[in-house]
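The values are calculated or read from the model by the stated rules, or taken from the named source; none is laboratory data. Predicted model, so just to flag it, every value in this text is computed and none were measured. All Cβ positions, glycine included, derive from the backbone under ideal geometry; neighbour counts span all protein chains shown.
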Amino acid sequence: MDIAFKQSGCKIAWAIEKDAACCRTYRHNFKETLLIEKDIRIVDPLNLHKVDIMTAGFPCQPFSVAGNQRGLSDPRGYLFYEVGRFVACHKPRFVFLENVSNLIAHNNGKTFNVVHDVLAELGYSIRYKVMRASLYGGVPQIRDRIYIVAFREQSDCDMFEFPNEIDLTVSIEDILKRNISKHKVYYYDKSTPFYKHLCNIVSRHDSIYRVYRDSIKVTQNRMCPTLTATMGTRPNQVHLVVDDFGLRKITIQECLDFQGFPQQFKFPHNITLEDAYKQIGNSVCVPVVKRIADIISSLVIKE
């Protein structure tokens with residue numbers, strides 16, 4: 001999110017993150033930004049500089065169809081109330097939130113109603129939209145996410161409109177470059193358990209195979225399946241491709257490209273492969289957020 005808003009001309013005042021590996025990556029790419037490496041629940045917002053735009057990506061796992069869907073009863077889901085605590089203290093002009101699209105349907109819509117009511121009770125008007133990375137970000141990834149913008153001023157809400165769909169001009173082949181050999185760490189070989197079984201399933205040279213729990217399925221529309229944090233916590237869950245040199249996982253750089261990260265973004269050397277996969281899966285599609293950030297920034301400029 002910070003990359004996207006920075007691309008839109010915003011200055012990042014501060015950030016909060018408790019995961020040590022995430023903090024190493026953040027500091028590597030945002031050397032000038034104040035990073036508070038703490039659990040947000042013990043951070044006092046009164047000690048932080050007030051901001052015009054507050055962004056948050058509260059944990060999505062409690063609401064995801066891929067998880068247990070415990071919602072706000074999950075300790076991670078409860079962190080949304082921390083967003084409310086910071087908004088109540090700072091009263092930013094805009095609040096920008098991102099989560100899985102299932103947030104709308106979770107618990108028959110009651111979870112989303114809580115999110116709406118917390119912000120509404122703080123005096124905010126809300127607009128939201130589910131947007132797919134391939135339709136709104138120009139990257140060939142199937143990634144549906146809900147984007148929520150809350151407005152302190154009704155006039156801003158009245159003027160705001162989410163961006164329209166755009167043409168997809170980048171294909172998975174532009175990113176995968178199957179004729180270029182990748183680092184050996186990404187390839188499976190005959191010593192890999194079930195190697196023959198994998199080769200029998202993962203055979204097409206024109207697609208990406210989604211790995212989810214015990215199933216491996218080809219994507220029919222020649223898109224990259226949603227990148228998830230489980231790629232880092234379960235190494236055998238990374239999506240698979242066949243290139244000119246064998247059967248392999250999609251690489252870290254390919255994942256960054258599917259998320260629309262700028263080429264200057266880099267992981268520090270003290271980050272493991274698993275950490276990098278997890279962080280990418282937990283991130284956002286940068287171009288989608290950038291298009292929304294552009295609209296928010298334009299409202300600030302018009303003032």
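Out of Ser283, Ser297, I need the residue that is surrounded by 15 or more Cβ atoms within 10 Å (Cβ to Cβ), among the polar types (S, T, N, Q), touching a Leu at 6+ places or on another chain (Cβ under 9 Å) and under 30 Å from Arg152 (Cβ atoms). Which one?
So the residue among Ser283, Ser297 that is surrounded by 15 or more Cβ atoms within 10 Å (Cβ to Cβ), among the polar types (S, T, N, Q), touching a Leu at 6+ places or on another chain (Cβ under 9 Å) and under 30 Å from Arg152 (Cβ atoms) is Ser283.
Across segment 7-33, what is the total count of residues that are touching a Ser or Thr at 6+ places or on another chain (Cβ under 9 Å) and surrounded by 17 or more Cβ atoms within 10 Å (Cβ to Cβ)?
Within segment 7-33, residues that are touching a Ser or Thr at 6+ places or on another chain (Cβ under 9 Å) and surrounded by 17 or more Cβ atoms within 10 Å (Cβ to Cβ) number 6.
Which residue out of Ser181, Ser134, Ser171 is among the hydroxyl-bearing types (Ser, Thr, Tyr), loosely packed, with under 13 Cβ neighbours inside 10 Å and in contact (Cβ under 8 Å) with a residue 40 or more places away in the chain?
Only one candidate passes the filter, namely Ser171.
Can you tell which of Ile292, Ile271 is in the same structural domain as Gln154 (by TED's automatic domain parsing) and not polar (S, T, N, Q)?
Ile292
Within the group Ser181, Ser171, which residue is at pLDDT 95 or above and touching a Phe, Trp or Tyr at 6+ places or on another chain (Cβ under 6 Å)?
Ser181
Working only within segment 38-57, note down all residues that are part of a loop (DSSP other than H, G, I, E, B) and more than 16 Å from Gly84 (Cβ to Cβ).
Within segment 38-57, Lys38, Asp39, His49, Lys50, Asp52 meet the criteria.
Select from segment 173-212 the residues that are more than 26 Å from Ala293 (Cβ to Cβ) and aliphatic (A, V, I, L, M) and list them in ascending order.
Passing the criteria: Leu176, Ile180, Val185, Leu198, Ile201, Val202, Ile208, Val211.
What helices (runs of 4 or more DSSP H), lying completely within segment 91-208, carry at least 3 residues that are aliphatic (A, V, I, L, M) and out of contact with any Leu (no Cβ under 7 Å at 6 or more places or on another chain)?
Where helices (runs of 4 or more DSSP H) fall fully within segment 91-208 and carry at least 3 residues being aliphatic (A, V, I, L, M) and out of contact with any Leu (no Cβ under 7 Å at 6 or more places or on another chain), they are 110-121, 172-176.
Name the residues in segment 256-275 that are touching a residue at least 60 places away in the same chain (Cβ under 8 Å) and either assigned to a helix (DSSP H, G or I) or aliphatic (A, V, I, L, M) (or both), would you?
Residues satisfying the conditions are Asp257, Phe258, Ile271, Leu273, Asp275.
Hey, can you tell me all the residues within segment 222-238 that are at pLDDT below 85 and not in a helix (DSSP H, G or I)?
Passing the criteria: only Arg234.
Only one of Ile3, Ile40, Ile36, Ile16 is β-branched (Val, Ile, Thr) and more than 20 Å from the chain's Cα centre (by Cα); which?
One residue alone meets the criteria, Ile36.
Can you name the residue in segment 55-110 that is acidic (Asp, Glu) and at pLDDT 85 or above and is also nearest to the chain's Cα centre (by Cα) among such residues?
Residue satisfying both the conditions and the ranking: Glu98.
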